[in-house]
Amino acid sequence: MGLLSFLLLQGTAGPAESSGLFDFFRESGSVAKLILAILAFFSLVSWAIMLGKLRQTRRAERHSREFLEAFHRSHRFSEVNALAGRLRASPLVGIFQAGYAEIDSQIKSSQEADAAAAERRGYRISSLAALERTLGRAVGVELRAVARWTPFLATTASASPFIGLFGTVWGIMVAFRDIGLSQSTSIVAVAPGIAEALINTAAGLAAAIPALIGYNYFAHSSRLLKARMEDFVMEFLNLAERNFT
């Protein structure tokens, strides 16, 4: 995956080559090894996040479709709430449950305050604005849950090329040092340092490019999900205003 796939492909390029990427890695200095280890860590964690978020996104999409079908089909919030427990992967469920709990709390408070008046009025909420604020908080909670770990992808995409560039500069410094020690400008003298520099450059890009693509994909998914949640909040408020005020 990403950087590791690049290393494996280069390290097993064929017996005809005098040395592979793993040979360069073994012969490189401690600084180059540290840089490659850092880039490998960033790449591994990024791929783990992307695979986990992809699974989470697909499951949330499936549960959201099922929940919306039940929400539009049902005539009572209590029926929807009974079905919501098995569709918890959908962020819409969290928003609905927060709104349902607020409606239930307001109705119970009104009934306790004036039982006789509550019986005449039926089930009524005392503050639609409070319900709207509750739903807004729930949207924020769900968006933070959806966006969890994605900043690491942005960090990997932005930092990895510069970490690789540092390794490139270090490798060139090693190459010039070898030239000075050997008193020769032949390719044999400078090849190890140049190879070390190029390996770090390639490793930085191999870690950064998948992370950047993944971050853009999940950021776009989050924007679409936010729009869907806002639409659901408006629909929920309309139903609440129609039935409980």
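The values are calculated or read from the model by the stated rules, or taken from the named source; none is laboratory data. Model, not experiment: these values are computed from the prediction. Cβ atoms come from the backbone with ideal geometry, glycine included; neighbour counts cover every protein chain shown. Surface areas here come from the heavy atoms of the whole protein model, side chains and all, with no ligands, DNA or RNA. Shrake-Rupley method; radii C 1.70, N 1.55, O 1.52, S 1.80 Å.
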### Query
Put a dot 7 Å past each Cα toward the Cβ at S109 and H220; how far apart are the dots in nm?
4.4 nm
### Task
Report the extension gain between F176 and R86 in nm, rounded to one decimal, defined as 0.36 nm multiplied by the number of residues separating them, less their alpha carbon distance.
26.0 nm
### Summary
With 0.36 nm assigned to each residue of separation and the Cα-Cα distance removed, R242 to A101 gains 49.0 nm
### Message
Heavy atoms only, 1.4 Å probe, whole protein assembly: order D231, D104 by accessible area, highest first.
### Response
D231, D104
### Task
Grab the Cα-Cα distance for R144 and E69, subtract it from 0.36 nm times how many residues apart they are, and report the gain in nm with one decimal.
24.5 nm
